[in-house]
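To start, the structure under review is shown below, and the notes come after it.
The values are calculated or read from the model by the stated rules, or taken from the named source; none is laboratory data. As the structure is a prediction and not an experimental result, all values here were calculated from the model. Positions of Cβ are backbone-derived with ideal geometry, glycine not excepted, and every protein chain shown enters the neighbour counts. When the accessible area is computed, the model is the full protein with side chains, heavy atoms only, and any ligands, DNA or RNA have been set aside. Shrake-Rupley method; radii C 1.70, N 1.55, O 1.52, S 1.80 Å.
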Amino acid sequence: MHCEDGDAAPLCPLQPKEALDLKNDGNRMFAQREYTKAIEQYDAAMKILPDGSTERADLLCNKAACFYALNKLKDAVKECGSALEVSPGSIKALRHRAKALEKQGMFKAALGDIQAINRSESASDDSR
């Protein structure tokens, strides 16, 4: 599962085009199941964006999806935590983290993230 299932929507109209190109390259690599290469592209894009940029949360979430696909669940949880530091309440980060926690058998923690999603306005029928 990818944060937006590989969509190539712009991160922000004010960001450098290079960061968007790197993100899109990472998305293509993710779709081709080249997860390690995708992570490298997302990392390169983050180096271009300012530290406080909310677009970083999307890139971190994309990295988490790669780590999940590589079965590096602790790394996926860590990236989601970083995304939540940048963008508290990020549904994508909470959803990815819940899946990684659940797969590790950490059901109470996963449930906490699902409950946080359900309290949000954008909760889906799947999460409820």
field: Gyration tensor (alpha-carbon) shape descriptor, segment 34-128, a/c threshold 1.5
entry: oblate
task: Output the pairs from Lys37/Lys103; Lys63/Lys108; Lys63/Lys92 with a Cα-Cα distance over 22 Å in this structure; if there are none, say none.
output: Lys37/Lys103; Lys63/Lys108
field: Nitroxide proxy distance, nm - points 7 Å out along Cα→Cβ at Glu102 and Lys47
entry: 3.6 nm
Net dipole in debye of segment 22-128 [+1 Lys, Arg Cβ; -1 Asp, Glu Cβ; about Cα centre; nearest 20]: 300 debye
task: Give the carbon-plus-sulfur fraction of the accessible surface of segment 68-123 in %, rounded to a whole number; probe 1.4 Å, heavy atoms of protein chains only.
output: 52 percent
message: In Å², and per residue, what accessible area does segment 24-90 have when probed at 1.4 Å with the other protein chains present?
response: 49 Å²
task: For segment 56-109, just say rounded, prolate or oblate: build the C-alpha gyration tensor, square-root its eigenvalues into a ≥ b ≥ c, call rounded for a/c under 1.5, and beyond that prolate if a/b exceeds b/c, oblate if not.
output: oblate
message: I'd like the FRET efficiency for Glu18 and Thr54, computed as 1/(1 + (r/R0)^6) with the beta carbon distance as r and R0 of 22 Å, rounded to 0.05.
response: 0.75
